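> Sharing a structure here in structure tokens format.
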Amino acid sequence: MTFPDLIVVGAGIIGLATAYQAHCKGMSVHVIDSADRPVGSSIQNFGHACFTGQADLVQEVGRSARAGWLHAAGEVGFWAEQSGTYIPATTELELHVLQEFAQHRGEEEVTILSPKGVAQAIGSPDLQALGGAHLPLDVRVNPREVAPKLAAWLSKQGVEFTWNTHVSAAGEGVVATSRGDFRAAQLVVCPGYRLMELFPGLAESHEVRVCTLAMSLIERPSRIPQGLGMLTGTSLARYDGFAAMPSVPALKAELGRREPELVSCIANLMVTGIDQGLLVGDSHAYSLSPEPFIDEDVAQLLLDKASALLGLERPKVKQRWLGRYADSPATNLVLERPDPRTTVAVVTSGIGMTLSFGIAELVLEGGNVEGF
């Protein structure tokens, strides 16, 4: 019997990006997933590939990820808008952090905008901003179409998919499943927060838990661009690249005084556009076994704050959901090789969509987690 070069466990965006990159390198690939299509973390997020806001040490991975996203979009045919990210500054400290970041990264990565410029860019002409910034290298995709389209394209190219199949163990070239054992020369296991089930020791050593996020989809007024990617002051305090700026400790203190409710729910207030509307969020809560409930006060708080920035008087909510992904307070990426034929890759923060194709290259080229 002939076995494939690679089995990928998990058809989330990390697994699919790995399967895609492996296929492009001429490898035979088999993907196994417990659902009948991509329905997990990879379709629940903003689809905001925020390469620029990541830490300096992972910018090479970010550049690899950006190239991978654009290459895959061209081949597969999914939407990838190179509209960048806009960040309105509503206080002097927010503007100062953006100016520090622009000086640190340079004009190719960060452009400082006038109050009128940032207001027009996000489609909110009455916004009382002090200025803002544009990150031109960032990319927007629709998370609801990317993973399904990528899986369908890979299947047409000869990548084998086994859906509706529970994986109970993986190692030494063997994947034990509810349909029996599957074998390959190499295994890449991308289980997301199911790492706690498949490799509990690894999960515990990296303090892996589940992060849940309150998110909404609202109708998009025509004045707001479909490809909008908007971050806010809370984002400057959260993403590693921004957070390394010298004025961020003062900004965090200001946010605690000015926006205590957002700080309390660990908010990263942001908005992105897709063809179905505007994605609004998000809060963060952490647990080994999270409950499924959405706190309406938190969801409404996020909606109210985003609406104020965008000048929306009565936003129409089309959907709400509780997103979830793997998280760790110790690292942004678990990349382990428990045996010579097995690689385990789990992004343990909210940057999985952003860096997926770059992480896939790390996995396939035997790279390490330096900088994460």
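The values are calculated or read from the model by the stated rules, or taken from the named source; none is laboratory data. Quantities reported herein were computed from a predicted structural model and do not represent experimental measurements. All Cβ positions, even for glycine, are placed from backbone atoms using ideal geometry, and neighbour counts span all protein chains on display. Side chains included, ligands, DNA and RNA excluded: accessible areas come from the protein's heavy atoms. Shrake-Rupley method; radii C 1.70, N 1.55, O 1.52, S 1.80 Å.
> Please enumerate the residues belonging to the range 109-126 that are surrounded by 18 or more Cβ atoms within 10 Å (Cβ to Cβ) and in a loop (DSSP other than H, G, I, E, B).
109, 110, 122, 123, 124
> Need the failing condition index for residue 95 against (1) within 15 Å of the chain's Cα centre (by Cα); (2) within 27 Å of residue 225 (Cα to Cα); (3) open to solvent by 10 Å² or more (accessible area, probe 1.4 Å), just the number.
Answer for residue 95: the failing condition is (1).
Residue-by-condition table, conditions (1) touching a helix residue (DSSP H, G or I) at 6+ places or on another chain (Cβ under 9 Å); (2) small (Gly, Ala, Ser):
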residue	(1), (2)
130	yes, no
141	yes, no
154	yes, no
158	yes, yes
166	no, no
185	no, yes
188	yes, no
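> On the basis of being at pLDDT below 95, touching a strand residue (DSSP E or B) at 6+ places or on another chain (Cβ under 9 Å) and within 14 Å of residue 146 (Cα to Cα), does residue 47 make the cut? Please lay out each step first, then the result.
Details: at pLDDT below 95: yes; touching a strand residue (DSSP E or B) at 6+ places or on another chain (Cβ under 9 Å): yes; within 14 Å of residue 146 (Cα to Cα): yes.
The answer is yes for residue 47.
> Which condition number does residue 211 fail, the rest of (1) more than 23 Å from residue 145 (Cβ to Cβ); (2) open to solvent by less than 70 Å² (accessible area, probe 1.4 Å); (3) in a loop (DSSP other than H, G, I, E, B) being met?
With respect to (1) more than 23 Å from residue 145 (Cβ to Cβ); (2) open to solvent by less than 70 Å² (accessible area, probe 1.4 Å); (3) in a loop (DSSP other than H, G, I, E, B), residue 211 is out only on (3).
> Working carefully through the options 237, 244, find the one that is surrounded by fewer than 20 Cβ atoms within 10 Å (Cβ to Cβ) and aliphatic (A, V, I, L, M). Steps first, answer last, please.
Numbers: 237 fails: surrounded by fewer than 20 Cβ atoms within 10 Å (Cβ to Cβ).
Just a single option satisfies the conditions, and that option is 244.
> Take the residues in the range 127-149 that are in contact with an Asp or Glu (Cβ under 8 Å, 6 or more places away or on another chain) and open to solvent by 10 Å² or more (accessible area, probe 1.4 Å), then tell me which one is farthest from residue 313 (Cα to Cα).
By that ranking, first place goes to 137.
Every residue, every condition in (1) open to solvent by less than 40 Å² (accessible area, probe 1.4 Å); (2) farther than 30 Å from residue 167 by Cα; (3) part of a helix (DSSP H, G or I); (4) charged (D, E, K, R), yes or no:
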{"position": "31", "(1), (2), (3), (4)": "yes, no, no, no"}
{"position": "45", "(1), (2), (3), (4)": "yes, no, no, no"}
{"position": "53", "(1), (2), (3), (4)": "yes, yes, no, no"}
{"position": "60", "(1), (2), (3), (4)": "no, yes, yes, yes"}
{"position": "67", "(1), (2), (3), (4)": "no, yes, yes, no"}
{"position": "73", "(1), (2), (3), (4)": "yes, no, yes, no"}
{"position": "78", "(1), (2), (3), (4)": "yes, no, no, no"}
{"position": "104", "(1), (2), (3), (4)": "no, yes, yes, no"}
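> How many residues does the range 299-354 contain that are in a helix (DSSP H, G or I), open to solvent by less than 30 Å² (accessible area, probe 1.4 Å) and either among the hydrophobic types (A, V, I, L, M, F, W, C) or closer than 20 Å to residue 19 by Cα (or both)?
Restricting attention to the range 299-354, the residues satisfying the condition of being in a helix (DSSP H, G or I) are 299-310, 352-354.
When the remaining residues are screened for being open to solvent by less than 30 Å² (accessible area, probe 1.4 Å), the result is 299, 301-303, 306-307, 309-310, 352-354.
This time we only want the ones that are either among the hydrophobic types (A, V, I, L, M, F, W, C) or closer than 20 Å to residue 19 by Cα (or both), so: 299, 301-303, 306, 309-310, 352-354.
Going through the range 299-354 one residue at a time, the tally reaches 10.
> Restricting attention to the range 157-191, which residues are of a type in the set (D, E, K, R) and either outside any loop (DSSP other than H, G, I, E, B) or free of Cβ contacts under 8 Å to residues at least 24 places away in the same chain (or both)?
160, 179, 181, 183
> Go through the range 11-29 and give me each residue that's open to solvent by 10 Å² or more (accessible area, probe 1.4 Å), assigned to a loop (DSSP other than H, G, I, E, B) and either touching a helix residue (DSSP H, G or I) at 6+ places or on another chain (Cβ under 8 Å) or under 22 Å from residue 349 (Cα atoms) (or both).
If the condition is that a residue be open to solvent by 10 Å² or more (accessible area, probe 1.4 Å), assigned to a loop (DSSP other than H, G, I, E, B) and either touching a helix residue (DSSP H, G or I) at 6+ places or on another chain (Cβ under 8 Å) or under 22 Å from residue 349 (Cα atoms) (or both), then 12, 25 are the ones that fit.
> Could I ask something else about it? Taking the range 279-298 as the search range and keeping residues that are open to solvent by less than 70 Å² (accessible area, probe 1.4 Å) and in a strand (DSSP E or B), which one is farthest from residue 353 (Cα to Cα)?
287
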